[in-house]
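Reviewing the structure listed below.
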Amino acid sequence: MKTSFIYIFIFISFLIVSEEEHAIKIYIASEIVTLNTKNDEVEAVAVQNSKIIDVGSAEKLSTSYPDADVVLDYQDHVIVPGFIEHHIHPFLAAVTMNSEIIAIDDWVLQEKVSKGVKNREDYLDRLSEVEARHPNDQPLVSWGFHHYFHGRLTKNDLDNISTIRPIIVVHRSFHEFILNTPAMKLLGISRNAFPGLEEEKHLANFEEGHFSERGAIVVLPNLMTVLAAPKKLMLGLQKTKDYIHGNGITIIGNPGSMYSREIQMAKNYILGSLDTPFESYFFPSGLNLSEQFELNKILNAAKEQTTWGGGKVNFLPNHIKLFTDGAMYSQNMMMREGYLDNHQGVWLMDNKNYRELFKLFWDANYQIHIHQNGDAALDRLLNNLEENLINNPRKDHRTTVVHFGYSAKDQLQRMKDLGVVVSANPYYVTTLSDLYSRQGVGYERSQEMVRLGDVVRENIIVSLHSDMPMAPASPLQLMHSAVNRTNFANKVAGPEQRISALEALRAVTINSAYILRLEKMYGSIEIGKYANFTILEKNPLTVPITDIKGIAVVGTVMKGVSYPLPPML
């Protein structure tokens, strides 16, 4: 009798779940932006089994589906295709969320607002204030330092704040670390512990506690004991998850996910859980793999890493990230004409390693995403792509130029001819174009930083990303930066490089889906695609362009399931 009751209960539960899965919902809004040219006038979207089955007027859909559940929660709001942020680093974002943020710009988080500081005196005062109220038994990690704004920072500066507490300052770029004496002792970072770094003194300065680019990569495993302590990592990932949802994002990408199963399992636990209101798509870093494997084992390691997903965390097959030059925020870009102060940029991968890995993954039919910031680095990228196209022609390769900091106008036609696509960070213009026009790079080149207008005019597909935490993971902020190009000096940097609001919206939806090869499933509101929507207070295509970043996010819908924002977000 008891067994029969259990079977009946299971059968009824199955019927309830089955009925819920097959139920039709009709979402009604004041405006719906489909990004599908076939749907000019749309008031409602019909959804069944996580996919869109119809679009049209509210009257038409209600007549066609009389038994459907009509969702009126968003009838006074605007529905746009679900935002896609295809270039976020969840681990780095988690570290940032756990740290004391002292940056050049304001950061609005769930629990606090960190106001930006733009000079050395204010930076050191803020860091001292933060240290004074930090729990006594914990190292202090602070993120956001930028030497061009905040001046030169050394171990001695940090020792002046505390000779007892370990202090780790993470540069805005995440490509540099500055440590005080207690931090170096705690983490076992000394010249004797890293004799190989003697050859790269400009990247590893033990006297000043400063480690950048290759030097930072080498000492990073030691820092991980603090930056990736399990409880803090989980807390940071949860904050990152809430932050992503708060900005209306329905899909994220993590290009260049590090080869660490332990950290991946932490990401899966938080981001892959059933209550997560977005999906994640990761793929490996060729640079990180080359640090751990011989060349003949790298391809297999990359394939093995793509099995590490779980829940709502997926790994994309046949995608890889490579690197050319150093960080934009560190002015380590490789520039054709160099820098005004004659300092040198940095190659993140030596040419031999870069060429070998590019050919390895190209011949294996991978889509290659390449971190690039300087125009000389773009030359290297295009030269190598052209060579491989000649030796092994491929169609629809979608080789992706990632970040696209500086480029030259003569490179645009070549980019188009070689079939590249662009994944750009327009926030560079907001934060850096004014200062870099005066220090390091020069006015004319900085006016054309992230030259999206020229790219659009060449009909090259362009998407926008934050590279979180290099920029806030806010598609509306990215749109705002690309459309307005207003910098810290409240000036428009390169007005001819602005793009329209429509182009910017496409760049955070359908074009971002294209970069990930997911455009058949996501990125626009049309029949047959998944029902991923972002719900906004106003229409970003019709508000004054200066108001785009201020539009409130009301909630999201992911595969037909509504995720309204909690009041705190």
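General observations
- Residue tally, condition in contact with a strand residue (DSSP E or B) (Cβ under 9 Å, 6 or more places away or on another chain) and among the acidic types (Asp, Glu), over region 484-526: 2
- Among residues of region 370-397 being assigned to a loop (DSSP other than H, G, I, E, B) and touching a strand residue (DSSP E or B) at 6+ places or on another chain (Cβ under 8 Å), the one that is surrounded by the fewest Cβ atoms within 10 Å (Cβ to Cβ) is His397.
- Some residue of region 142-153 being modelled with pLDDT of 95 or more and closer than 16 Å to Thr225 by Cβ: no
- Note on region 57-142: enclosed helices (runs of 4 or more DSSP H) holding 2 or more residues that are closer than 28 Å to Leu271 by Cα and either out of contact with any Ser or Thr (no Cβ under 7 Å at 6 or more places or on another chain) or in contact (Cβ under 8 Å) with a residue 12 or more places away in the chain (or both) are 90-98.
- Single match in Val422, Val483 (criterion: assigned to a strand (DSSP E or B), touching a helix residue (DSSP H, G or I) at 6+ places or on another chain (Cβ under 9 Å) and of a type in the set (A, V, I, L, M, F, W, C)): Val422
- Restricting region 460-502 to residues that are among the β-branched types (Val, Ile, Thr) and closer than 22 Å to Val80 by Cα, the residue that is surrounded by the fewest Cβ atoms within 10 Å (Cβ to Cβ) is Ile461.
- Selected residue [surrounded by fewer than 16 Cβ atoms within 10 Å (Cβ to Cβ) and more than 19 Å from the chain's Cα centre (by Cα)] from Asn332, Asn318: Asn318
- Comparison of Arg485, Arg438 shows that the only residue that is among the charged types (D, E, K, R) and more than 24 Å from Gln344 (Cα to Cα) is Arg485.
- Checking every residue in region 103-124 against the condition of being of a type in the set (Lys, Arg) and either buried (at least 18 other Cβ atoms within 10 Å of the Cβ) or within 23 Å of Leu518 (Cα to Cα) (or both) gives zero matches.
- All of Asp467, Asp363, Asp434 fail the test of being more than 29 Å from His150 (Cβ to Cβ) and not assigned by TED's automatic domain parsing to the domain that holds Val170, apart from Asp363.
- Condition check for Asn539: touching an Asp or Glu at 6+ places or on another chain (Cβ under 7 Å) and in a loop (DSSP other than H, G, I, E, B): yes
- Scanning region 384-420 for residues that are without any contact (Cβ under 8 Å) to a residue 24 or more places away in the chain and closer than 30 Å to Gly442 by Cβ returns Asp410, Asp417.
- Residue within region 511-520 that is of a type in the set (Val, Ile, Thr), buried (at least 24 other Cβ atoms within 10 Å of the Cβ) and in a helix (DSSP H, G or I) present: yes
- Note on region 507-554: residues that are hydroxyl-bearing (Ser, Thr, Tyr) and closer than 16 Å to Val421 by Cα amount to 3.
The values are calculated or read from the model by the stated rules, or taken from the named source; none is laboratory data. Because the structure is a prediction, the values reported are computed rather than measured. Don't worry about glycine lacking a Cβ; one is built from the backbone with ideal geometry, like all the others, and counts go over all protein chains shown.
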